[in-house]
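Below: the structure, in structure tokens.
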Amino acid sequence: MKAQGYGMVLTSTQVDETAQHFYRKNGYKDCGSLVMNIPGYEQPMEMFLSKGL
């Protein structure tokens, strides 16, 4: 991504997944979340992580 001229990357994972720990260990920082709590459509919170390149 850096070689292509990007200055940052953004990814997301659900809070009930272990991927968040991998991203944090690799320098990503929490930067937001999305909660889907409409009855019948509930999902674990989606968290967004970003990292400057």
### Task
Tally the residues that are without any contact (Cβ under 8 Å) to a residue 12 or more places away in the chain and not in a loop (DSSP other than H, G, I, E, B), restricting the search to segment 20-53.
3
### Query
In segment 27-53, what residues are out of contact with any Phe, Trp or Tyr (no Cβ under 7 Å at 6 or more places or on another chain) and closer than 16 Å to residue 7 by Cα?
27, 28, 29, 52
### Task
Could you grab me the full set of residues in segment 20-46 that are of a type in the set (Phe, Trp, Tyr) and open to solvent by 70 Å² or more (accessible area, probe 1.4 Å)?
22, 41
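Looking only at segment 9-19, decide whether some residue is open to solvent by 90 Å² or more (accessible area, probe 1.4 Å) and in a helix (DSSP H, G or I). Give the steps one after another, and end with the answer.
Of all residues in segment 9-19, those open to solvent by 90 Å² or more (accessible area, probe 1.4 Å) come to 10, 16, 18.
Next, from what is left, pick out any that are in a helix (DSSP H, G or I): none.
No - not one qualifying residue is present in segment 9-19.
In this structure, is residue 49 modelled with pLDDT of 95 or more, open to solvent by less than 50 Å² (accessible area, probe 1.4 Å), in contact with a strand residue (DSSP E or B) (Cβ under 9 Å, 6 or more places away or on another chain) and not β-branched (Val, Ile, Thr)?
Working: modelled with pLDDT of 95 or more: yes; open to solvent by less than 50 Å² (accessible area, probe 1.4 Å): yes; in contact with a strand residue (DSSP E or B) (Cβ under 9 Å, 6 or more places away or on another chain): yes; not β-branched (Val, Ile, Thr): yes.
Against the criterion (modelled with pLDDT of 95 or more, open to solvent by less than 50 Å² (accessible area, probe 1.4 Å), in contact with a strand residue (DSSP E or B) (Cβ under 9 Å, 6 or more places away or on another chain) and not β-branched (Val, Ile, Thr)), residue 49 qualifies.
The values are calculated or read from the model by the stated rules, or taken from the named source; none is laboratory data. It should be emphasised that the depicted structure is a prediction, and the values quoted were computed from it without experimental measurement. Note: ideal-geometry Cβ built from the backbone for every residue, glycine included; neighbour counts use all protein chains shown. Just the protein is used for accessible areas: all its heavy atoms, side chains included, with ligands, DNA and RNA removed. Shrake-Rupley method; radii C 1.70, N 1.55, O 1.52, S 1.80 Å.
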